[in-house]
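Each remark here refers to the structure printed beneath this line.
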Amino acid sequence: MKKNQSSRRKFIYTTGITALGLPLLSSFSNCNPSTQNKKTMNKNKLGVALVGLGGYATSQLAPALLQTAHCYLAGIVTGTPSKAAAWKEKYNIPDKNIYNYDTYDAIKDNPDIDIIYVVLPNSMHAAYTIRGFEAGKHVICEKPMALSVTECDAMIAAAKKANKFLSIGYRLHYDPYNLEMVRLAKDKVYGDVKKITSGFGFNAQKGIWRLDKKLAGGGPLMDLGIYCMQGLMYVTGMEPVAVTAQQSPISDATKFIDIEETLTCQFEMPKGIRAEFVTSYTDSHNFLKAEAENGWFQISPAFNYYGLKGKTSDGKKVEFAPLSQQAKQMDGIALSIKEGKPSKVPGEMGRRDVKIIEAIYEAMRTGKRVIV
Ligand code: NDP
């Protein structure tokens, strides 16, 4: 599963502003959070409340919500009073739109909030999503959707009962590089895809909730491997019929107490396509590569927010104008809500992935092939 490092003749796919339907990041360099958030500027936009102001909400989602055309940052839910004060100031959020985990349910009486975006540790996704629906709001829930299929079913049932939309934070469905991989496969530009491989891993710091099974639900598979699984499926347009998986020996038993450290997994795809990935909280990986009848195409890095790079066996370099994946994702979801159309990344997709994750863990534990 090594990345192909060979340098090739360059061919640039330029994708302009209009083709992507999104302006360049630089056009937003003068965005002023304190004015952007005023309701008058946002009357046609859906109000989003971010739940859990951690790394992802702070460094990606909130800045992206300054660039969105169909939604804006209307409120926050946080357990940390100092964050509430800082966000209130930075994003001009009125006091009435600031909640903590005890007052969260009162959001049902707040007409400024249309969408709740759950950005909490994985074990909290199901409860906060269900409470969001009980408050009568649409919900975006971060990946992985939940810790079990049972939880996913309860979340989907809550969405149906509330007659609201549930989407999962799968940002790469809005990323041009990953979409180009899908196009090259679908249009059979290099013939039928015969093999697809992926890897995502990095060295996780000791002590973070991601290493705590109670909060994370598992190890790198839940957090990073899920991107690889998604890549194998959206590029081939297929889902695995069965899986096998192997865990590598643990290098530090005080760090990896009850989660996997590194995992390799094979998907048994229809039509005999070979599909496999590696995910790790120790080793670095970041690629998605498809090998077809007449050549290959890949992106590496494949899963970052910025700086993705693509190339093909005939020396073409895949390149797009920079954009915010999160702005595109939240705008895409908000627009589908406005138009009453199904989400591109619905709860059912999140459930499918959790079902596959459960099968992978069973395969890892038993050493057996597990039917999905
Ligand atoms: P962080 O640890 O940075 O933030 C999580 C936040 O959740 C905390 O800051 C805190 O916010 C709140 N929180 C409430 N209870 C707890 C608890 N018991 N332990 C820790 N935090 C708690 O995590 P991330 O922002 O990196 O990840 C959050 C979610 O987003 C995860 O599900 C992750 O998988 C997903 N994610 C998705 C990404 C993507 O690209 N789609 C990228 C990164 C993460 P507060 O202080 O406001 O209460």
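The values are calculated or read from the model by the stated rules, or taken from the named source; none is laboratory data. Note that the coordinates shown come from a computational prediction; the quantities given were computed from them, not determined experimentally. As a convention, Cβ positions derive from the backbone with ideal geometry for all residues, glycine included, and neighbour counts pool all protein chains shown. Just so you know, the surface numbers come from the protein's heavy atoms only, side chains and all, with ligands and any DNA or RNA stripped out. Shrake-Rupley method; radii C 1.70, N 1.55, O 1.52, S 1.80 Å.
Quick rundown of the values:
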quantity	calculated
From Arg369, Arg352, residue being open to solvent by 60 Å² or more (accessible area, probe 1.4 Å), at pLDDT 95 or above and not assigned by TED's automatic domain parsing to the domain that holds Lys160	Arg369
Neighbours by Cβ (under 6 Å, 6+ apart or cross-chain): first from region 81-92, under 16 Å from Ser59 (Cα atoms); second within 13 Å of the ligand (Cβ to nearest atom) and of a type in the set (Ser, Thr, Tyr)	Ala84/Thr78
Single residue of Leu232, Leu215 found to be closer than 23 Å to Leu172 by Cβ and at pLDDT 95 or above	Leu232
Per-region count, region 180-208, residues open to solvent by less than 80 Å² (accessible area, probe 1.4 Å) and not in a loop (DSSP other than H, G, I, E, B)	15
Within region 142-169, considering residues that are in a helix (DSSP H, G or I) and within 16 Å of the ligand (Cβ to nearest atom), the one most open to solvent (accessible area, probe 1.4 Å)	Glu151
Top-ranked residue of region 179-216 - restricted to ones that are in contact (Cβ under 8 Å) with a residue 24 or more places away in the chain and of a type in the set (S, T, N, Q), ranked as farthest from the ligand (Cβ to nearest atom)	Thr197
Every residue from region 42-58 that is part of a loop (DSSP other than H, G, I, E, B) and open to solvent by 40 Å² or more (accessible area, probe 1.4 Å)	Lys43, Asn44
Total residues in region 107-141, condition in a helix (DSSP H, G or I) and within 20 Å of Leu221 (Cα to Cα)	5
Residues that are open to solvent by less than 20 Å² (accessible area, probe 1.4 Å), touching a residue at least 40 places away in the same chain (Cβ under 8 Å) and within 15 Å of the ligand (Cβ to nearest atom), drawn from region 108-131	Ile116, Tyr117, Val118, Leu120, Asn122
Members of region 254-272 that are within 26 Å of Glu180 (Cα to Cα) and open to solvent by less than 20 Å² (accessible area, probe 1.4 Å)	Cys265, Phe267, Met269
Residues of region 209-239 classified as in a loop (DSSP other than H, G, I, E, B) and open to solvent by 10 Å² or more (accessible area, probe 1.4 Å), total	5
Unique residue being charged (D, E, K, R) and more than 20 Å from the chain's Cα centre (by Cα) when the list is Glu239, Glu260	Glu260
Boolean, Gly136 is within 16 Å of the ligand (Cβ to nearest atom) and within 28 Å of Ala157 (Cα to Cα)	no
Selection from region 59-93 of residues that are crowded, with 16+ Cβ neighbours inside 10 Å and either outside the structural domain of Phe165 (by TED's automatic domain parsing) or of a type in the set (Val, Ile, Thr) (or both)	Thr68, Ile76, Val77, Thr78, Ile93
Subset of region 355-366 that is in contact with a helix residue (DSSP H, G or I) (Cβ under 9 Å, 6 or more places away or on another chain) and either assigned by TED's automatic domain parsing to the domain that holds Ser123 or of a type in the set (D, E, K, R) (or both) - its residue that is most open to solvent (accessible area, probe 1.4 Å)	Lys355
So Lys10, is it open to solvent by 80 Å² or more (accessible area, probe 1.4 Å), modelled with pLDDT of 50 or more and basic (Lys, Arg)	no
Some residue of region 63-78 being within 15 Å of the ligand (Cβ to nearest atom), touching a Leu at 6+ places or on another chain (Cβ under 7 Å), assigned to a loop (DSSP other than H, G, I, E, B) and among the β-branched types (Val, Ile, Thr)	yes
Residue identified as within 16 Å of the ligand (Cβ to nearest atom) and either more than 20 Å from the chain's Cα centre (by Cα) or more than 21 Å from Met145 (Cα to Cα) (or both) among Asn304, Asn286	Asn286
